[in-house]
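Worksheet: one structure, shown below.
The values are calculated or read from the model by the stated rules, or taken from the named source; none is laboratory data. Small disclaimer: the values here were computed from a predicted structure and weren't measured. Every residue, glycine among them, receives a Cβ derived from its backbone with ideal geometry; neighbour counts consider all protein chains shown. Remember, those area values only see protein heavy atoms, side chains included, never the ligands or the DNA or RNA. Shrake-Rupley method; radii C 1.70, N 1.55, O 1.52, S 1.80 Å.
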Amino acid sequence: MDGFLLLAFLFLVAGVIAVPIASRLGLGSVLGYLLAGIAISPLLDLLHVDVVSIQHFAEFGVVMMLFLVGLELEPRMLWTMRNKLLGLGGLQVVVTAALIMGIAMAFGQPWSIALAIGLVFSLSSTAIVLQTLNEKGLMKSDGGQSSFSVLLFQDIAVIPMLAFIPLLALPELQQLAASAHGGADGGHASLSLVDRLNAWQRALLTVGAIAFVVVVGTFLIRPIFRFIAVARLRELFTATALLLVIAIALLMVVVGLSPALGTFLAGVVLANSEYRHELESNIDPFKGLLLGVFFITVGAVIQFDLLFANLGSIVVMALGLIGLKALVLYVLSRIFGITGS
């Protein structure tokens, strides 16, 4: 108990101090949380804290974020985004992966390793980008919706990537691919029931799980919340909202899908529900706290000895990757006629 209180105190103090300072400097809350994690990392090492385990728990904030994003999107609006989702998102992944693969092969990497590198680095962090878009008030803009389309396609694309990378005889990159787009799937593989199923059985189970989420969200959620509302206990409504998100995420994990993708779908189904605003108000505080803890743990596990030992190479490759992705997205945005407003 004492250790838990001390750990909670350290995380809260670090976040409360670092985030306002970063925000006043125009750096955003994400960088503030990362700096908070860096600042308390020596204390966490001294206390022998298992930061990775905390990180896996806090990753559920990404799942909650996508559920809340889904609540903002009516199914009709999502249908209107299909061209950007498939066209812009698909081309971003394919073109970026192909360019990075070509660069890796030019530096002497075998095609299989170069392809795996391209697939991994074509992904982005859903958590960081969505958090930044929400803070800047850009989520409703054309550029924000296009960015979300790219991120959503990446979340979908990571599923076949995880199945394809082991075929390249590179199973050690599977976890890296799973965490590259936001880390919402880490630590859940042991719950999957599809590992020993063949392709058509997996497809059938996947379709069944998605159909189950749609049916439950359409026909069963409203009666359940009406029943809970009779008690007139806010904490019971909050518990039911959390139960809904956790149950859907768990179902997606069991059938081998992304929990973030499943909860996003559930959010879209519930976008027209009369309980939408109550769901948002009850889940948003948990989402914010978990995302903050997640970013702090990311900052706390940075290996500075490895960073400083390879500082030049890391800086050059990071800037090169950012520049390449920016170029690809700029060209695609011109093709699709995307504006920032």
> Between a first residue in region 206-233 that is farther than 28 Å from Gly256 by Cα and modelled with pLDDT under 85 and a second residue that is of a type in the set (Ser, Thr, Tyr) and surrounded by 13 or more Cβ atoms within 10 Å (Cβ to Cβ), which pairs have beta carbons less than 9 Å apart while being 6 or more apart in sequence or on different chains?
Replying inline: Ala229/Tyr275
>> Just the residues that are open to solvent by 40 Å² or more (accessible area, probe 1.4 Å) and under 25 Å from the mean Cα position of the chain (by Cα), please, taken from region 102-117.
In response: Ile113, Ile117
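Being open to solvent by 50 Å² or more (accessible area, probe 1.4 Å) and assigned to a helix (DSSP H, G or I) is the filter here; which residues of region 322-341 pass it?
Taking region 322-341 as the starting set, the residues that turn out to be open to solvent by 50 Å² or more (accessible area, probe 1.4 Å) are 322, 326-327, 329-331, 334-337, 339-341.
Listed by number, the residues that qualify are Ile322, Ala326, Leu327, Leu329, Tyr330, Val331, Arg334, Ile335.
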> Mind checking which residues of region 266-290 are of a type outside the set (A, V, I, L, M, F, W, C) and either touching a helix residue (DSSP H, G or I) at 6+ places or on another chain (Cβ under 6 Å) or part of a helix (DSSP H, G or I) (or both)?
Replying inline: Gly267, Tyr275, Arg276, His277, Glu278, Glu280, Ser281, Asn282, Asp284, Pro285, Lys287, Gly288
>> Can you pull out every residue in region 22-33 that is part of a helix (DSSP H, G or I) and either free of Cβ contacts under 8 Å to residues at least 12 places away in the same chain or open to solvent by less than 40 Å² (accessible area, probe 1.4 Å) (or both)?
In response: Ala22, Ser23, Arg24, Ser29, Val30, Leu31, Gly32
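Residue under question is Ser147, and the condition is that it be open to solvent by 20 Å² or more (accessible area, probe 1.4 Å) and among the hydroxyl-bearing types (Ser, Thr, Tyr); does it hold?
In short, yes.
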>> Quick test for you: out of Val49, Val94, pick the one residue that is of a type outside the set (Lys, Arg), under 23 Å from Leu327 (Cα atoms) and more than 19 Å from the chain's Cα centre (by Cα).
In response: Val94
>> Conditions first: (1) out of contact with any Phe, Trp or Tyr (no Cβ under 7 Å at 6 or more places or on another chain); (2) crowded, with 19+ Cβ neighbours inside 10 Å; (3) within 16 Å of Ser273 (Cβ to Cβ). Val255 passes all but one, so which condition is the exception?
In response: (3)
> Would you pick out the residues in region 291-319 that are touching a residue at least 24 places away in the same chain (Cβ under 8 Å), in a helix (DSSP H, G or I) and open to solvent by 30 Å² or more (accessible area, probe 1.4 Å)?
Replying inline: Val293, Val298
> Out of region 41-99, which residues are open to solvent by 50 Å² or more (accessible area, probe 1.4 Å) and either among the polar types (S, T, N, Q) or touching a Cys at 6+ places or on another chain (Cβ under 7 Å) (or both)?
Replying inline: Ser53, Thr80, Asn83
>> Exactly one condition in (1) in contact with a helix residue (DSSP H, G or I) (Cβ under 8 Å, 6 or more places away or on another chain); (2) open to solvent by 70 Å² or more (accessible area, probe 1.4 Å); (3) more than 30 Å from Leu10 (Cα to Cα) is false for Thr263; which is it?
In response: (2)
> Would you say Val158 is touching a Lys or Arg at 6+ places or on another chain (Cβ under 8 Å) and either at pLDDT below 70 or surrounded by 18 or more Cβ atoms within 10 Å (Cβ to Cβ) (or both)?
Replying inline: no
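Over 28 Å from Ala249 (Cα atoms), at pLDDT below 90 and hydroxyl-bearing (Ser, Thr, Tyr): which single residue out of Ser41, Ser23 fits that description?
Ser23
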